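Heads up: the structure comes next, in structure tokens.
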Amino acid sequence: MNTHADLLKSLKIDRNAPPPPASRKGLWLGLAVAGAVLLAAGGWFAFGRGKDLEVRTAEVVAIGNGNASPSVLDATGYVVARRMATVSAKVTGRVRDVRIEEGQRVEEGQVLATLDPVDADAQRALAASQLNAAQSQIGSVQAQLKEAEANAARLGALVGQKLISRAQYEQSVAARDALRAQLATAQRNAQVARDGLRIADNGVDNTVVRAPFSGVVIAKSAQPGEIVSPLSAGGGFTRTGIGTIVDMQSLEVEVEVGEAFIGRVKPGMPTETILNAYQDWKIPGKVIAIIPTADRGKATVKVRVGLDAKGDPRIVPDMGARVGFLEDAKPAQAANPGVLAPAAAIVQRDGKDVAFVVADGKAMQRTLALGRTLGEDREVLQGLAGGDAVVLDPPEQLADGARVRPAREDASADANND
């Protein structure tokens with residue numbers, strides 16, 4: 001029994017015993033790896049990142065050129081078409097065929113629709129028959145006249161020989177003259193019948209609806225089987241038009257200018273139009289006319305503005321637009337008006353005024369020709385262009401072609417907050 005108790009006691013773990021000594025080999029290995037990582041990071045910062053000099057930059061602003069035309073007045077309006085027509089038939093009739101759709105381009109004289117020509121064809125057939133009858137009557141009178149003229153000539157010879165009486169001769173002459181009058185009447189009747197046929201032809205042609213000018217269809221108003229009429233007859237069951245066509249070459253902008261500012265607008269002055277649908281597209285143009293009447297309720301005057309981008313598919317009627325009325329262009333100046341650069345970006349190198357422009361990660365030295373001092377800026381006549389990024393407070397060690405990197409804005413903001 002004691003033997004089993006001793007065996008079980010030997011298997012018990014003594015938790016108060018001191019831990020066995022750890023091996024120092026793993027500790028030294030971890031420290032060596034950490035040191036190598038820190039050494040590599042330091043080397044990268046010293047030899048890689050340390051090559052680019054951190055600098056602050058600012059953008060050069062162009063003063064402007066002699067052709068600048070600032071806006072003297074802005075107004076809003078809509079795109080309108082000077083040539084827009086709702087095409088209809090000249091006669092009342094039932095639509096047989098419609099050959100247009102919205103957005104379709106049509107040319108002048110192109111057939112848009114046709115009406116049922118039954119009545120017009122019947123009227124034309126009647127006029128043609130009347131013309132044939134008149135022409136037949138002319139033939140009959142001409143034959144009779146030919147015989148009467150021969151009799152009158154023969155009796156004229158006999159009366160000279162005293163073989164017949166003068167009364168007989170005068171009767172033949174009267175018959176001849178009467179037939180001549182009948183022939184003239186028959187010819188006039190034939191002309192009337194011919195005119196009637198031409199009118200009947202126009203009636204048939206009126207059943208064909210054609211485009212009055214070239215343009216784009218913006219509305220289709222009728223369908224086959226409906227009754228159309230140039231007059232609004234029949235209430236809501238009668239159409240007054242086949243479709244609406246707009247000449248896209250005649251698009252312009254109509255704006256309303258307040259009476260207090262209409263004196264700034266002149267006919268022919270340049271304009272700049274921006275459509276609400278295309279905010280980045282500036283369309284040049286000019287004032288076409290100032291409508292010589294005012295709106296009493298709104299105290300405005302309507303102004304027509306032309307667009308130089310006529311025919312562009314992006315411009316459609318009834319678009320909202322904003323028009324800027326510009327001053328007349330001034331003649332170009334011979335000298336370059338220059339740019340404005342921060343005075344802190346200009347330093348002296350070898351007795352010359354220079355600035356460093358950052359391009360492709362490098363600082364490029366530029367020799368400058370300076371002008372006036374305007375506050376904290378200097379006018380630069382030569383050496384810089386609008387939009388150039390220049391180094392502010394360039395350090396002495398900054399050389400031409402040195403690699404630089406712009407200072408982070410968030411870092412500068414944190415430094416200011418501190």
The listed residue being of a type in the set (Gly, Ala, Ser) and either at pLDDT below 90 or in contact with a strand residue (DSSP E or B) (Cβ under 6 Å, 6 or more places away or on another chain) (or both), out of Ala120, Ala174: Ala120
In segment 289-317, the residues that are over 22 Å from Ile245 (Cβ atoms) and assigned to a strand (DSSP E or B): Ala289, Ile290, Ile291, Pro292, Thr293, Ala294, Asp295, Thr300, Val301, Lys302, Val303, Val305
Some residue of segment 198-207 being surrounded by 14 or more Cβ atoms within 10 Å (Cβ to Cβ) and among the β-branched types (Val, Ile, Thr): yes
Residues of segment 282-300 classified as surrounded by 13 or more Cβ atoms within 10 Å (Cβ to Cβ) and touching a Gly at 6+ places or on another chain (Cβ under 8 Å), total: 5
Tally of residues being farther than 17 Å from Thr86 by Cα and modelled with pLDDT under 90 across segment 236-259: 2
Verdict on Asp388 being within 28 Å of Ile63 (Cα to Cα) and touching a residue at least 40 places away in the same chain (Cβ under 8 Å): yes
Residue match in segment 264-278 (condition: more than 16 Å from Asp74 (Cα to Cα) and of a type in the set (D, E, K, R)): no
Criterion: under 30 Å from Ser140 (Cα atoms), loosely packed, with under 13 Cβ neighbours inside 10 Å and of a type in the set (Gly, Ala, Ser) - qualifying residue of Ala190, Ala184: Ala184
Hits in segment 342-357 - residues which are at pLDDT 90 or above and either assigned to a strand (DSSP E or B) or touching a helix residue (DSSP H, G or I) at 6+ places or on another chain (Cβ under 7 Å) (or both): Pro342, Val347, Gln348, Lys352, Asp353, Val354, Ala355, Phe356, Val357
Count of segment 100-142 residues which are within 30 Å of Leu183 (Cα to Cα) and of a type outside the set (A, V, I, L, M, F, W, C): 11
Qualifying residue in segment 318-327 (condition: under 24 Å from Phe261 (Cα atoms), of a type in the set (Phe, Trp, Tyr), in contact with a Leu (Cβ under 8 Å, 6 or more places away or on another chain) and in a strand (DSSP E or B)): yes
Scan of segment 237-261 for residues that are exposed (fewer than 15 other Cβ atoms within 10 Å of the Cβ) and of a type in the set (A, V, I, L, M, F, W, C), ordered by number: Phe237, Ala260
Any chance Val72 is surrounded by fewer than 18 Cβ atoms within 10 Å (Cβ to Cβ), assigned to a strand (DSSP E or B) and either modelled with pLDDT of 90 or more or in contact with a strand residue (DSSP E or B) (Cβ under 6 Å, 6 or more places away or on another chain) (or both): yes
Condition check for Gly103: touching a Lys or Arg at 6+ places or on another chain (Cβ under 7 Å), under 30 Å from Gly311 (Cβ atoms) and not in a helix (DSSP H, G or I): no
Residue within segment 148-159 that is touching a residue at least 40 places away in the same chain (Cβ under 8 Å), of a type outside the set (Val, Ile, Thr) and out of contact with any Cys (no Cβ under 9 Å at 6 or more places or on another chain) present: no
Search result, residues across segment 252-278 that are touching a Pro at 6+ places or on another chain (Cβ under 8 Å) and of a type outside the set (S, T, N, Q): Pro270, Glu272
All positions within segment 247-272 that are of a type in the set (Asp, Glu) and not in a strand (DSSP E or B): Asp247, Glu259
The listed residue being loosely packed, with under 14 Cβ neighbours inside 10 Å, among the small types (Gly, Ala, Ser), modelled with pLDDT of 90 or more and within 40 Å of the chain's Cα centre (by Cα), out of Gly324, Gly306, Gly311, Gly320: Gly320
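The values are calculated or read from the model by the stated rules, or taken from the named source; none is laboratory data. Bear in mind the structure is a predicted one, so any value in this text is a computation, not a measurement. Cβ coordinates were reconstructed from backbone atoms using ideal geometry, including for glycine residues, and neighbour counts include every protein chain displayed.
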